[in-house]
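Colleague: After the C-alpha coordinates below, expect a handful of questions from me.
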Amino acid sequence: MIDIPDELIATQYAYNGAAGRAFVAALPGLAGRFLEEWGLRRDGAAMYGMCALVLPVVREADGVPAALKLQLVDEETVGEPVALRAWGAAGAGAVGVLGHDPGTGALLLERLDEGRPLSGVAGGGGVPGGSRLVGEVADARRAVTVLGEVLARLAAVPAPEGLRTLGDAVERMLAAAPEAVGRLADEEERRLLADCAAAVREVAGEPGDRLLHWDLHYDNILAGRADAGRAGEWVALDPKPLAGDPGFELFPALDNLFDAGEVVWRFDALTEALGMERDRGRARAWTLARVLQNAVWAVGDGERELAPDHAEIARRLLGVR
(Lines give C-alpha, C1' and ligand atoms only; values in the text may rest on other atoms or scores of the structure.)
Protein backbone atom coordinates (compact mmCIF):
# COMPACT_ATOMS: atom_id res chain seq x y z
CA MET A 1 0.00 0.00 0.00
CA ILE A 2 1.15 3.54 -0.84
CA ASP A 3 0.08 6.18 1.66
CA ILE A 4 -0.37 9.55 -0.02
CA PRO A 5 0.74 12.41 2.28
CA ASP A 6 -2.11 14.70 3.31
CA GLU A 7 -0.07 17.78 2.38
CA LEU A 8 0.40 16.57 -1.20
CA ILE A 9 -3.32 15.81 -1.47
CA ALA A 10 -4.23 19.29 -0.19
CA THR A 11 -1.82 20.98 -2.60
CA GLN A 12 -3.09 19.04 -5.60
CA TYR A 13 -6.72 19.75 -4.74
CA ALA A 14 -6.06 23.45 -4.16
CA TYR A 15 -3.94 24.19 -7.21
CA ASN A 16 -4.94 21.61 -9.82
CA GLY A 17 -8.63 21.03 -9.17
CA ALA A 18 -10.12 18.06 -11.01
CA ALA A 19 -6.77 17.17 -12.60
CA GLY A 20 -5.17 17.14 -9.15
CA ARG A 21 -7.90 14.93 -7.71
CA ALA A 22 -7.53 12.49 -10.61
CA PHE A 23 -3.75 12.45 -10.13
CA VAL A 24 -4.03 11.70 -6.42
CA ALA A 25 -6.56 8.92 -7.07
CA ALA A 26 -4.23 7.33 -9.63
CA LEU A 27 -1.06 7.51 -7.51
CA PRO A 28 -1.30 4.13 -5.71
CA GLY A 29 -1.89 2.34 -9.00
CA LEU A 30 0.92 4.23 -10.73
CA ALA A 31 3.35 3.46 -7.95
CA GLY A 32 2.46 -0.22 -7.98
CA ARG A 33 2.75 -0.37 -11.76
CA PHE A 34 6.23 1.07 -11.96
CA LEU A 35 7.55 -0.77 -8.94
CA GLU A 36 6.66 -3.94 -10.82
CA GLU A 37 7.52 -2.92 -14.40
CA TRP A 38 10.89 -1.44 -13.50
CA GLY A 39 11.78 -4.13 -10.99
CA LEU A 40 11.96 -1.85 -7.96
CA ARG A 41 11.84 -2.49 -4.23
CA ARG A 42 10.74 0.17 -1.72
CA ASP A 43 13.67 1.40 0.36
CA GLY A 44 12.36 4.05 2.72
CA ALA A 45 9.53 6.39 3.57
CA ALA A 46 7.77 8.31 0.82
CA MET A 47 8.83 11.91 0.23
CA TYR A 48 6.87 14.66 -1.45
CA GLY A 49 6.95 18.24 -2.61
CA MET A 50 4.23 20.52 -3.88
CA CYS A 51 3.69 18.52 -7.05
CA ALA A 52 5.33 15.09 -6.78
CA LEU A 53 5.48 11.88 -4.77
CA VAL A 54 8.98 10.39 -4.51
CA LEU A 55 9.64 6.83 -3.38
CA PRO A 56 13.16 5.75 -2.41
CA VAL A 57 13.74 2.43 -4.17
CA VAL A 58 16.39 -0.13 -5.08
CA ARG A 59 16.62 -1.62 -8.54
CA GLU A 60 16.41 -5.36 -7.85
CA ALA A 61 18.40 -6.42 -10.92
CA ASP A 62 21.61 -4.71 -9.84
CA GLY A 63 21.01 -3.26 -6.36
CA VAL A 64 21.31 0.34 -7.58
CA PRO A 65 19.59 2.87 -5.25
CA ALA A 66 17.17 5.14 -7.09
CA ALA A 67 14.14 7.38 -6.62
CA LEU A 68 10.76 6.85 -8.29
CA LYS A 69 9.17 10.24 -8.98
CA LEU A 70 5.48 10.50 -9.84
CA GLN A 71 4.03 13.89 -10.72
CA LEU A 72 1.24 15.56 -12.63
CA VAL A 73 2.65 16.56 -16.00
CA ASP A 74 1.98 20.18 -16.95
CA GLU A 75 3.74 22.91 -18.91
CA GLU A 76 6.30 23.36 -16.14
CA THR A 77 7.20 19.70 -15.63
CA VAL A 78 6.82 18.22 -19.11
CA GLY A 79 10.36 19.22 -20.09
CA GLU A 80 12.05 17.77 -16.97
CA PRO A 81 13.43 14.56 -18.55
CA VAL A 82 14.59 16.48 -21.62
CA ALA A 83 16.46 19.00 -19.47
CA LEU A 84 17.97 16.39 -17.14
CA ARG A 85 19.28 14.35 -20.06
CA ALA A 86 20.74 17.44 -21.72
CA TRP A 87 22.53 18.40 -18.51
CA GLY A 88 23.61 14.79 -18.01
CA ALA A 89 25.15 14.61 -21.49
CA ALA A 90 27.08 17.81 -20.73
CA GLY A 91 28.19 16.67 -17.25
CA ALA A 92 26.51 19.76 -15.86
CA GLY A 93 25.70 18.57 -12.34
CA ALA A 94 22.03 17.56 -12.47
CA VAL A 95 20.43 14.38 -11.15
CA GLY A 96 20.68 11.45 -13.56
CA VAL A 97 17.70 9.86 -15.35
CA LEU A 98 17.54 6.06 -15.12
CA GLY A 99 14.11 5.65 -16.65
CA HIS A 100 11.16 7.65 -18.01
CA ASP A 101 7.63 6.80 -19.05
CA PRO A 102 6.36 9.48 -21.49
CA GLY A 103 2.73 8.46 -21.07
CA THR A 104 2.54 9.21 -17.35
CA GLY A 105 5.65 11.33 -16.78
CA ALA A 106 7.01 8.81 -14.25
CA LEU A 107 10.75 9.18 -13.69
CA LEU A 108 13.32 6.85 -12.22
CA LEU A 109 16.12 9.05 -10.97
CA GLU A 110 19.55 8.64 -9.46
CA ARG A 111 19.31 8.56 -5.68
CA LEU A 112 20.85 11.55 -3.94
CA ASP A 113 21.39 12.11 -0.23
CA GLU A 114 17.98 13.51 0.74
CA GLY A 115 19.27 14.17 4.23
CA ARG A 116 21.85 16.69 3.01
CA PRO A 117 20.20 19.60 1.16
CA LEU A 118 22.24 22.72 0.50
CA SER A 119 19.87 24.58 2.82
CA GLY A 120 21.53 22.69 5.67
CA VAL A 121 24.77 24.51 4.93
CA ALA A 122 22.99 27.85 5.10
CA GLY A 123 21.87 27.55 8.71
CA GLY A 124 18.64 28.66 10.27
CA GLY A 125 17.25 31.26 7.87
CA GLY A 126 17.01 35.01 8.00
CA VAL A 127 14.80 37.56 9.67
CA PRO A 128 12.76 39.59 7.12
CA GLY A 129 13.98 43.16 7.13
CA GLY A 130 16.82 42.35 9.49
CA SER A 131 20.11 40.52 9.52
CA ARG A 132 21.52 37.34 10.95
CA LEU A 133 24.34 36.54 13.27
CA VAL A 134 27.81 36.72 11.74
CA GLY A 135 28.30 32.94 11.75
CA GLU A 136 24.93 32.32 10.12
CA VAL A 137 25.65 34.86 7.39
CA ALA A 138 28.96 33.15 6.67
CA ASP A 139 27.19 29.79 6.37
CA ALA A 140 24.54 31.27 4.08
CA ARG A 141 27.22 32.84 1.91
CA ARG A 142 28.91 29.46 1.52
CA ALA A 143 25.58 28.04 0.34
CA VAL A 144 25.14 30.91 -2.12
CA THR A 145 28.63 30.27 -3.49
CA VAL A 146 27.83 26.59 -4.03
CA LEU A 147 24.51 27.42 -5.66
CA GLY A 148 26.27 29.86 -7.98
CA GLU A 149 28.71 27.16 -9.06
CA VAL A 150 25.87 24.71 -9.76
CA LEU A 151 23.91 27.39 -11.59
CA ALA A 152 26.85 28.30 -13.81
CA ARG A 153 27.24 24.68 -14.94
CA LEU A 154 23.53 24.34 -15.71
CA ALA A 155 23.25 27.65 -17.55
CA ALA A 156 26.23 26.85 -19.77
CA VAL A 157 24.11 24.28 -21.62
CA PRO A 158 22.02 25.47 -24.60
CA ALA A 159 18.33 24.69 -24.35
CA PRO A 160 17.06 21.78 -26.46
CA GLU A 161 14.35 22.51 -28.99
CA GLY A 162 10.74 22.34 -27.89
CA LEU A 163 10.96 23.65 -24.34
CA ARG A 164 8.80 26.52 -23.15
CA THR A 165 10.57 29.84 -23.56
CA LEU A 166 11.23 32.91 -21.47
CA GLY A 167 10.16 35.00 -24.45
CA ASP A 168 6.63 33.62 -24.23
CA ALA A 169 6.53 34.10 -20.46
CA VAL A 170 7.69 37.70 -20.76
CA GLU A 171 5.09 38.49 -23.36
CA ARG A 172 2.35 37.23 -21.04
CA MET A 173 3.60 38.99 -17.92
CA LEU A 174 4.07 42.33 -19.67
CA ALA A 175 0.56 42.09 -21.12
CA ALA A 176 -0.80 41.50 -17.62
CA ALA A 177 1.42 44.07 -15.88
CA PRO A 178 -0.82 47.18 -16.18
CA GLU A 179 -3.77 45.39 -14.59
CA ALA A 180 -1.57 43.92 -11.84
CA VAL A 181 -0.15 47.35 -11.04
CA GLY A 182 -3.61 48.86 -10.92
CA ARG A 183 -4.94 46.28 -8.49
CA LEU A 184 -2.29 46.83 -5.84
CA ALA A 185 -3.66 48.75 -2.88
CA ASP A 186 -0.49 50.62 -1.92
CA GLU A 187 0.76 53.51 -4.07
CA GLU A 188 4.43 52.82 -3.34
CA GLU A 189 4.00 49.18 -4.37
CA ARG A 190 2.24 50.27 -7.57
CA ARG A 191 5.27 52.43 -8.44
CA LEU A 192 7.63 49.61 -7.52
CA LEU A 193 5.89 47.06 -9.74
CA ALA A 194 5.67 49.58 -12.58
CA ASP A 195 9.45 50.07 -12.29
CA CYS A 196 9.93 46.30 -12.49
CA ALA A 197 7.82 46.16 -15.64
CA ALA A 198 9.80 49.04 -17.18
CA ALA A 199 13.08 47.22 -16.50
CA VAL A 200 11.74 44.03 -18.08
CA ARG A 201 10.63 45.86 -21.22
CA GLU A 202 14.22 46.97 -21.79
CA VAL A 203 15.45 43.37 -22.08
CA ALA A 204 12.33 41.63 -23.41
CA GLY A 205 13.68 41.58 -26.97
CA GLU A 206 16.60 39.32 -26.00
CA PRO A 207 15.15 36.51 -23.85
CA GLY A 208 18.14 34.18 -24.30
CA ASP A 209 18.63 30.55 -25.25
CA ARG A 210 20.24 28.82 -22.23
CA LEU A 211 18.71 25.83 -20.48
CA LEU A 212 17.25 27.25 -17.27
CA HIS A 213 16.20 25.38 -14.12
CA TRP A 214 13.74 28.13 -13.00
CA ASP A 215 13.46 26.86 -9.40
CA LEU A 216 17.05 26.55 -8.20
CA HIS A 217 16.77 27.21 -4.47
CA TYR A 218 18.75 25.65 -1.63
CA ASP A 219 16.44 22.66 -1.11
CA ASN A 220 16.65 21.74 -4.80
CA ILE A 221 20.35 21.01 -4.50
CA LEU A 222 21.32 17.82 -2.66
CA ALA A 223 24.62 16.15 -1.85
CA GLY A 224 25.59 13.32 -4.18
CA ARG A 225 26.13 9.78 -2.92
CA ALA A 226 29.48 8.01 -2.86
CA ASP A 227 27.92 4.79 -4.19
CA ALA A 228 26.89 6.73 -7.31
CA GLY A 229 30.35 8.24 -7.80
CA ARG A 230 29.13 11.65 -6.63
CA ALA A 231 30.95 11.99 -3.32
CA GLY A 232 31.64 15.64 -2.55
CA GLU A 233 29.38 16.88 -5.35
CA TRP A 234 26.30 19.07 -5.10
CA VAL A 235 23.57 18.01 -7.53
CA ALA A 236 20.52 19.91 -8.83
CA LEU A 237 17.09 18.33 -9.09
CA ASP A 238 13.41 19.20 -9.68
CA PRO A 239 13.80 21.64 -12.58
CA LYS A 240 10.88 23.42 -14.21
CA PRO A 241 12.91 23.99 -17.37
CA LEU A 242 12.68 26.68 -19.99
CA ALA A 243 14.91 28.36 -22.54
CA GLY A 244 16.08 31.83 -21.61
CA ASP A 245 18.57 34.24 -20.08
CA PRO A 246 20.58 33.06 -17.05
CA GLY A 247 19.67 36.27 -15.22
CA PHE A 248 16.16 34.84 -14.83
CA GLU A 249 17.64 32.17 -12.52
CA LEU A 250 18.83 34.40 -9.67
CA PHE A 251 15.58 35.17 -7.86
CA PRO A 252 15.07 31.87 -5.97
CA ALA A 253 18.49 32.19 -4.32
CA LEU A 254 17.60 35.72 -3.15
CA ASP A 255 14.13 34.84 -1.88
CA ASN A 256 14.78 31.42 -0.33
CA LEU A 257 16.28 31.80 3.18
CA PHE A 258 15.56 35.49 2.73
CA ASP A 259 17.81 38.06 4.39
CA ALA A 260 17.21 41.67 3.35
CA GLY A 261 20.73 42.74 4.20
CA GLU A 262 22.21 40.02 1.99
CA VAL A 263 20.18 40.63 -1.19
CA VAL A 264 22.80 42.73 -2.97
CA TRP A 265 25.70 40.53 -1.82
CA ARG A 266 23.94 37.41 -3.11
CA PHE A 267 23.05 39.14 -6.38
CA ASP A 268 26.68 40.20 -6.91
CA ALA A 269 28.00 36.73 -6.05
CA LEU A 270 25.60 35.02 -8.44
CA THR A 271 26.21 37.41 -11.33
CA GLU A 272 29.94 36.86 -10.86
CA ALA A 273 29.47 33.08 -10.91
CA LEU A 274 27.54 33.41 -14.17
CA GLY A 275 30.05 35.78 -15.72
CA MET A 276 27.42 38.54 -15.78
CA GLU A 277 29.17 40.99 -13.45
CA ARG A 278 29.80 43.37 -16.36
CA ASP A 279 26.17 43.19 -17.41
CA ARG A 280 24.52 43.59 -14.05
CA GLY A 281 21.76 45.74 -15.54
CA ARG A 282 20.51 42.83 -17.63
CA ALA A 283 20.76 40.42 -14.71
CA ARG A 284 18.90 42.89 -12.51
CA ALA A 285 16.13 43.32 -15.09
CA TRP A 286 15.59 39.56 -15.40
CA THR A 287 15.53 39.20 -11.61
CA LEU A 288 12.89 41.93 -11.44
CA ALA A 289 10.99 39.94 -14.05
CA ARG A 290 10.52 37.24 -11.44
CA VAL A 291 9.06 39.80 -9.03
CA LEU A 292 6.69 40.87 -11.79
CA GLN A 293 5.78 37.29 -12.70
CA ASN A 294 4.98 36.42 -9.08
CA ALA A 295 2.94 39.60 -8.65
CA VAL A 296 0.88 38.88 -11.77
CA TRP A 297 0.09 35.41 -10.43
CA ALA A 298 -0.71 36.71 -6.94
CA VAL A 299 -3.02 39.46 -8.21
CA GLY A 300 -4.74 36.87 -10.38
CA ASP A 301 -5.47 34.95 -7.18
CA GLY A 302 -7.00 38.03 -5.57
CA GLU A 303 -4.02 39.48 -3.67
CA ARG A 304 -3.73 43.27 -3.44
CA GLU A 305 -0.20 43.59 -2.12
CA LEU A 306 3.24 42.33 -3.03
CA ALA A 307 4.85 39.59 -0.99
CA PRO A 308 7.03 41.54 1.50
CA ASP A 309 10.24 39.68 0.62
CA HIS A 310 9.64 40.18 -3.11
CA ALA A 311 9.01 43.88 -2.66
CA GLU A 312 12.21 44.22 -0.63
CA ILE A 313 14.25 42.41 -3.28
CA ALA A 314 12.91 44.81 -5.89
CA ARG A 315 13.70 47.84 -3.72
CA ARG A 316 17.23 46.67 -3.08
CA LEU A 317 17.95 45.96 -6.72
CA LEU A 318 16.33 49.14 -7.96
CA GLY A 319 18.28 51.15 -5.38
CA VAL A 320 15.14 52.63 -3.81
CA ARG A 321 16.89 52.32 -0.44
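The values are calculated or read from the model by the stated rules, or taken from the named source; none is laboratory data. Values in this document were obtained by computation on a predicted structure and should not be read as measured data. Every residue, glycine as well, gets a Cβ built from its backbone with ideal geometry; the counts of neighbours run over all protein chains shown. Please note that ligands, DNA and RNA were not included when accessible areas were found on the heavy atoms of the full protein model with its side chains. Shrake-Rupley method; radii C 1.70, N 1.55, O 1.52, S 1.80 Å.
Colleague: For region 69-100, how many residues are of a type outside the set (A, V, I, L, M, F, W, C) and part of a loop (DSSP other than H, G, I, E, B)?
Modeller: Our first condition is that a residue be of a type outside the set (A, V, I, L, M, F, W, C); within region 69-100, this holds for 69, 71, 74-77, 79-81, 85, 88, 91, 93, 96, 99-100.
Adding the requirement that they be part of a loop (DSSP other than H, G, I, E, B) leaves 74-77, 79, 91, 93, 96.
Looking only at that region, the number is 8.
Colleague: Residues being crowded, with 16+ Cβ neighbours inside 10 Å and in contact (Cβ under 8 Å) with a residue 60 or more places away in the chain: count how many of those fall in region 306-317.
Modeller: Within region 306-317, the subset crowded, with 16+ Cβ neighbours inside 10 Å is 306, 309-317.
Restricting the remaining residues to those that are in contact (Cβ under 8 Å) with a residue 60 or more places away in the chain gives 306, 309, 311-315.
Residues that pass the stated criteria total 7.
Colleague: Got at least one residue in region 12-25 being closer than 20 Å to Asp219 by Cβ and surrounded by 16 or more Cβ atoms within 10 Å (Cβ to Cβ)?
Modeller: Taking every residue of region 12-25 in turn, at least one turns out to be closer than 20 Å to Asp219 by Cβ and surrounded by 16 or more Cβ atoms within 10 Å (Cβ to Cβ).
Colleague: I'd like the residue in region 281-305 that is within 19 Å of Arg316 (Cβ to Cβ) and among the basic types (Lys, Arg) and, out of all such residues, is least open to solvent (accessible area, probe 1.4 Å). Explain how you work it out, then say what you get.
Modeller: At the first step, the residues of region 281-305 found to be within 19 Å of Arg316 (Cβ to Cβ) are 281-295, 305.
From the residues that got through so far, the ones that are among the basic types (Lys, Arg) too are 282, 284, 290.
On the way: Arg282: 78, Arg284: 86, Arg290: 10 Å².
Checking each candidate, the answer is Arg290.
Colleague: Between Leu242, Leu270, Leu288, Leu274, which is touching a Ser or Thr at 6+ places or on another chain (Cβ under 7 Å), at pLDDT 95 or above and not hydroxyl-bearing (Ser, Thr, Tyr)? Break it down into steps so the answer makes sense when it comes.
Modeller: Numbers: Leu270 fails: touching a Ser or Thr at 6+ places or on another chain (Cβ under 7 Å); Leu288 fails: touching a Ser or Thr at 6+ places or on another chain (Cβ under 7 Å); Leu274 fails: touching a Ser or Thr at 6+ places or on another chain (Cβ under 7 Å).
Leu242 is the lone residue from the list that is touching a Ser or Thr at 6+ places or on another chain (Cβ under 7 Å), at pLDDT 95 or above and not hydroxyl-bearing (Ser, Thr, Tyr).
Colleague: Restricting to region 69-125, name every residue that is more than 18 Å from the chain's Cα centre (by Cα), of a type in the set (D, E, K, R) and either modelled with pLDDT under 95 or surrounded by 20 or more Cβ atoms within 10 Å (Cβ to Cβ) (or both).
Modeller: Result: Glu110, Arg111.
Colleague: OK, next. Out of the residues in region 297-308 meeting the condition of being more than 18 Å from the chain's Cα centre (by Cα) and assigned to a helix (DSSP H, G or I), tell me which one is nearest to Leu192 (Cα to Cα).
Modeller: Pro308
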